[in-house]
Every structure is written in structure tokens, then in C-alpha cells.
Amino acid sequence: MLATQELMADAVHHSDPDLSFQASRAAVELDNLLNDEQTDLTVVRDLATALVRSVSEGGTGSEGRRMLMDPSEANVFSQAFASTGSRSVLTLQELVDSVRWVAEALSKASSDGTSGIRALRDFCLALSRSARAQFAASLEEDRPGHPYRR
């Protein structure tokens, strides 16, 4: 039970402001790699691990059915893919496969192919923006409305 909780703590979550920060830091590391600056890609590897865990953990929906991904997380990832236009994602299974593909590419990132690194950097930026927007929207939902407005 404790090991499962530790794994879940490392997984990304749409309502976590750290996802936006971690994705933007990963984009900075990838940009440093493109500019031939010294970087150890620690945040990139951590983001890759978190992405893998977020799609492999799943959850339990209504009637005890297993979900591939939390719907809000699916929204965050699909917005990131849509804004980069790098991969066509039409189904939830394609989304999960695409997130796994990105995670694998992030974990293998090196200075070999600059076009692939650029695409990963762009995805990390899009993920950061999408996660930040989702987080801001979740805060807005939690705020009580004005008593004189409907």
C-alpha cells in the first residue's frame, strides 16, 4: 500500500502547480541542450518518469471500471498535443500511447537529433501552459461566486 502511494506521489496530476513548473523547467533543459550548454537533463528524466506513472496507474471509475487516465489529465495532455500539432490524438488509447511515446523520448533525450529535441521542448512548453490553465480553472471553480450574481 505504501509503495502505491509513493508511486502516485511521483505521478503528474492536473491540479498540481508543480506539473506546469516541472514541464517548463524540462523545456529550459532541452533548450540548453539545443544551445550546446551544459545540462544534466535531470528534470527531463523526472518528467518522463512522472508521465509514465500517470498513464500506467490509471484509476477506478464508476462501477469499478479501470480508467486509462483521469479525464482532467486527459484534457491537459490533449490540449498540449493539439497546440503542438506533433501527434494526432483522436481516442483515449491514442492519447495514452502518445504520452508514453513522449515519456520514452524524454528519457532518451540527448544531443543527437535537434529536430526531435525541438519537438520535445515545444511539447513541454505546451504541457506547461495547458497544466497552468487547467490549474487556474480548478482554482476558479473552487472560489465561491459573488452573492449578487447568478
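Listed values, structure above:
So that you can scan it fast, the table gives a plain yes or no per residue for (1) among the small types (Gly, Ala, Ser); (2) modelled with pLDDT of 75 or more:
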{"residue": "65", "(1), (2)": "no, no"}
{"residue": "113", "(1), (2)": "yes, no"}
{"residue": "119", "(1), (2)": "yes, yes"}
{"residue": "122", "(1), (2)": "no, yes"}
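Yes/no per residue for (1) within 19 Å of residue 131 (Cα to Cα); (2) modelled with pLDDT under 90:
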{"residue": "9", "(1), (2)": "yes, yes"}
{"residue": "15", "(1), (2)": "yes, yes"}
{"residue": "27", "(1), (2)": "yes, no"}
{"residue": "36", "(1), (2)": "no, yes"}
{"residue": "52", "(1), (2)": "yes, yes"}
{"residue": "78", "(1), (2)": "yes, yes"}
{"residue": "84", "(1), (2)": "yes, yes"}
{"residue": "93", "(1), (2)": "no, yes"}
{"residue": "110", "(1), (2)": "no, yes"}
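The values are calculated or read from the model by the stated rules, or taken from the named source; none is laboratory data. Being a predicted model, the structure only gives us computed values, none of them experimental.
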